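J.: Provided herewith is a single structure, encoded as structure tokens, for subsequent inquiry.
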Number of protein chains: 2
Amino acid sequence: MHEFEIIRRFFSGKITLQKDHVVIGPGDDCAVVRVPNNFELCLSTDTFIEGVHFPFQAKPALIASRLSAANLSDLAAMGAEPFGFTLAISSPEFTEHWLEEFSDQLEDDVEKYQNPLLGGNLSRGPLSLTMNIMGIVPTGTAILRSNAKVGDDIYVSGNLGDAAGGLALMEQIADQAVKNSSLLERYSSPVPRVDLGQALRKIATAAIDISDGFAADLGHLCEASGFGAQINLEALPLSTELVRTFGLEVARVKAIRGGDDYELCFTAEPDQASSIQQLSECLKLKLTKVGKISHDKSVSIKDKLGSPFDEIEGYQHF
Amino acid sequence: MHEFEIIRRFFSGKITLQKDHVVIGPGDDCAVVRVPNNFELCLSTDTFIEGVHFPFQAKPALIASRLSAANLSDLAAMGAEPFGFTLAISSPEFTEHWLEEFSDQLEDDVEKYQNPLLGGNLSRGPLSLTMNIMGIVPTGTAILRSNAKVGDDIYVSGNLGDAAGGLALMEQIADQAVKNSSLLERYSSPVPRVDLGQALRKIATAAIDISDGFAADLGHLCEASGFGAQINLEALPLSTELVRTFGLEVARVKAIRGGDDYELCFTAEPDQASSIQQLSECLKLKLTKVGKISHDKSVSIKDKLGSPFDEIEGYQHF
């Protein structure tokens, strides 16, 4: 298929949306968008490479779902509302089957998050996808990493470690018991916390999404804020399925070190506790207090007896 | 080197700029920018892959320069002023030498076009770079491909075919005579027509940048506008160096089919001729009338005797 036919059939005609802010969508030298007055634009870019960020021969739907979640999750961490994205794909070949499954999945996310495709690029090369996503926030309300204060409570959304558990199980996928594990879904189609992020604009002092692992990402937040963190090991939210599959010890390691959860880690002043409780009920999403921001500049994870848990390295890209 | 050290040393500390519109630069989950009231945002994305868009073992400066030009050229074609960019790089390894030469070259372009780095992504993988660039235009003034009208004059900036000539010469680089050819520079560090694009906002009816080749890109413009074009073969601007190196016939084929020039092709009503002449003098940039928009829906290139020139295929990505 010719490049322009691929774009028409699977992208520009399918995963764009009629939105007032999109003046010119895909097809010209640039897309043209209108950012509303009194809003700021948030932007982030993420690359997914075969064999690095997803397994070889991964299903196109898994790739689309994880790429989309990773990018939306960056918007969520800023409190931004999705605005649109561009997508650059390189692939050794573009088959109809691959394109259809990939764009079907992307279409679901485009509709669900009202996040239209604005433009893109197709090339021949090793399988690699770069999404550049944009969101908007009312001027001055973006939630930064750098704003946590000593004494702030530290929260995480959902459960930690499930995606790392799911990834480990992918290698044993032939096993019928494994096939039914809910952890697989948590790896293959993570749910970015887009609504939570926007609701946190007036509540959180700082936020980051958990992509490299809880300890590593909390470490980034602490470093940016110039403080440290005290985390209660027993407070870390673990799914029943993760503990049942791997046992408590391994489940905790995955919760602390495992990446790909795309949950949010955020900080808030202690008097926000009841607002956060209400938000949790409203969104039907567990929000767990796991510790506090502290003066010392490291992330310390201890059990209730005060013994340190030493597994605090996150995912290292290199 | 660790990812964050690379970012600090070669990117976030080096190729960002202090600009009022950049609220948050690299380092958080998203960059945050402020688009001025009464302006629209133009955005484009381009991927460069080793062995596809630049030769294996290409110098980092060549890669940076061509990547930057390709992206800035898309802004130029819309009449947009550079606003900033994100950059995703994947590479099998990141050496200090590579990073230094690459970021030095990028820094030059960042300064020259006042186009700051806003964020990015580094991954291990096959050498591939995706730049996502943004520009701004006063609301409603972006120059589209789709707006050409029958009777409009067709212009091109600069000379055509030099970059294709330069690429052909790269394979004979050991030859001393070749080493001094100005065509090499036209391939390795093309000049995006950023000032011209902005000046054309009130003059041009339509514009496109020449990246796939003159005939192919003019074809895109004609298709988007719903018309065709009559081009005078003898009018195509050729450099003395291109004709001297390859002879007139091959030079014309390169001018018509060769990609990578990053000149602008634009249309304007005939009564704009004197404004265009003035603009050419002001920018010290040749602007040549090469034909007219016509009713029939194809691009026809004929010599003065009316014989058609059949070489009108552009660069096919696949």
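The values are calculated or read from the model by the stated rules, or taken from the named source; none is laboratory data. These numbers were taken from a predicted model, which means no experiment stands behind them. In this analysis, Cβ positions are derived from the backbone assuming ideal geometry, glycine residues included, and neighbour counts consider all displayed protein chains. Just the protein is used for accessible areas: all its heavy atoms, side chains included, with ligands, DNA and RNA removed. Shrake-Rupley method; radii C 1.70, N 1.55, O 1.52, S 1.80 Å.
J.: For A:Gly258, all conditions in the list (1) within 30 Å of A:Leu169 (Cα to Cα); (2) modelled with pLDDT of 95 or more; (3) crowded, with 23+ Cβ neighbours inside 10 Å hold save one; what is the number of the exception?
T.: A:Gly258 satisfies every listed condition except (2).
J.: Could you list, in sequence order, all residues of segment B:156-189 that are assigned to a helix (DSSP H, G or I), hydrophobic (A, V, I, L, M, F, W, C) and within 18 Å of B:Ala69 (Cα to Cα)?
T.: Of everything in segment B:156-189, those that are assigned to a helix (DSSP H, G or I), hydrophobic (A, V, I, L, M, F, W, C) and within 18 Å of B:Ala69 (Cα to Cα) turn out to be B:Ala163, B:Ala164, B:Leu167, B:Leu183, B:Leu184.
J.: Considering only residues that are small (Gly, Ala, Ser) and touching a Lys or Arg at 6+ places or on another chain (Cβ under 8 Å), look in segment A:187-215 and name the one that is farthest from A:Ser157 (Cα to Cα).
T.: So the residue we want is A:Ser188.
J.: Please go through segment A:31-43 and give me each residue that is open to solvent by 10 Å² or more (accessible area, probe 1.4 Å) and facing another protein chain (nearest Cβ under 7 Å), ordered by number.
T.: A:Arg34, A:Val35, A:Asn37
J.: Considering each residue of segment A:144-162, count those that are more than 7 Å from chain B (Cβ to nearest Cβ) and open to solvent by 20 Å² or more (accessible area, probe 1.4 Å), and give that number.
T.: Result for segment A:144-162: 6.
J.: Are there any pairs with C-beta distances below 8 angstrom linking a residue in segment A:81-93 that is on the phi > 0 side of the Ramachandran plot to a residue that is assigned to a strand (DSSP E or B), with the two at least 6 apart or on different chains, and if so which?
T.: A:Gly84/A:Val22; A:Gly84/A:Ala31; A:Gly84/A:Val33; A:Gly84/A:Leu117; A:Gly84/A:Leu118; A:Gly84/A:Ile133; A:Gly84/A:Met134
J.: Same structure, new question: Give me the pairs: first residue in segment A:43-70 and under 14 Å from B:Asn121 (Cα atoms), second residue among the charged types (D, E, K, R) and in a helix (DSSP H, G or I), beta-carbon distance under 8 Å, and six or more apart or on different chains, which are they?
T.: A:Ser44/A:Asp74; A:Asp46/A:Asp74; A:Phe48/A:Arg66; A:His53/A:Arg66
J.: Any idea which residue in segment A:74-108 is farthest from A:Val194 (Cα to Cα), counting only those that are part of a helix (DSSP H, G or I) and among the aliphatic types (A, V, I, L, M)?
T.: Top of the filtered list is A:Leu99.
J.: Let me ask you something else. Do you know which of the residues in segment B:53-68 that are over 15 Å from B:Ser103 (Cβ atoms) and hydrophobic (A, V, I, L, M, F, W, C) is farthest from the other protein chains (Cβ to nearest Cβ)?
T.: If we take residues in segment B:53-68 being over 15 Å from B:Ser103 (Cβ atoms) and hydrophobic (A, V, I, L, M, F, W, C), then B:Ala58 is farthest from the other protein chains (Cβ to nearest Cβ).
J.: Taking segment A:202-223 as the search range and keeping residues that are closer than 13 Å to A:Arg145 by Cα and not hydrophobic (A, V, I, L, M, F, W, C), which one is surrounded by the fewest Cβ atoms within 10 Å (Cβ to Cβ)?
T.: Once the filter is applied, the top-ranked residue is A:Glu223.
J.: Among the residues of segment A:92-143, which ones are over 21 Å from A:Thr16 (Cβ atoms) and either facing chain B (nearest Cβ under 8 Å) or open to solvent by less than 10 Å² (accessible area, probe 1.4 Å) (or both)?
T.: A:Arg124, A:Gly125, A:Pro126, A:Ser128, A:Val137, A:Thr139, A:Ala142, A:Ile143
J.: Taking segment A:226-235 as the search range and keeping residues that are open to solvent by less than 40 Å² (accessible area, probe 1.4 Å) and closer than 17 Å to A:Asp152 by Cα, which one is nearest to the other protein chains (Cβ to nearest Cβ)?
T.: A:Gly226
J.: A further question on this structure: Output the residues belonging to segment B:190-201 that are within 18 Å of B:Leu238 (Cα to Cα) and open to solvent by 30 Å² or more (accessible area, probe 1.4 Å).
T.: Correct list: B:Val191, B:Arg193.
J.: State whether the residues of segment A:69-91 include one that is open to solvent by less than 40 Å² (accessible area, probe 1.4 Å), away from chain B (no Cβ under 14 Å) and not hydrophobic (A, V, I, L, M, F, W, C).
T.: No - not one qualifying residue is present in segment A:69-91.
J.: Further, regarding this structure: Residues being over 19 Å from B:Asp212 (Cβ atoms), of a type outside the set (Asp, Glu) and at pLDDT 90 or above: count how many of those fall in segment B:138-181.
T.: Of the residues in that region, 10 qualify.
J.: Which residue, of A:Ser211, A:Ser225, is within 19 Å of A:Leu160 (Cα to Cα), assigned by TED's automatic domain parsing to the domain that holds A:Ser239 and either in contact (Cβ under 8 Å) with a residue 60 or more places away in the chain or not basic (Lys, Arg) (or both)?
T.: Being within 19 Å of A:Leu160 (Cα to Cα), assigned by TED's automatic domain parsing to the domain that holds A:Ser239 and either in contact (Cβ under 8 Å) with a residue 60 or more places away in the chain or not basic (Lys, Arg) (or both) holds for just one of A:Ser211, A:Ser225, which is A:Ser211.
J.: Return yes or no: is B:Glu223 farther than 27 Å from B:Ser274 by Cα and within 14 Å of chain A (Cβ to nearest Cβ)?
T.: yes
J.: I would also like to ask the following. Let me spell it out: the conditions are (1) of a type in the set (Val, Ile, Thr); (2) at pLDDT below 95; (3) under 17 Å from A:Pro192 (Cα atoms), and A:Val52 meets all of them except one. Which number is the exception?
T.: (3)
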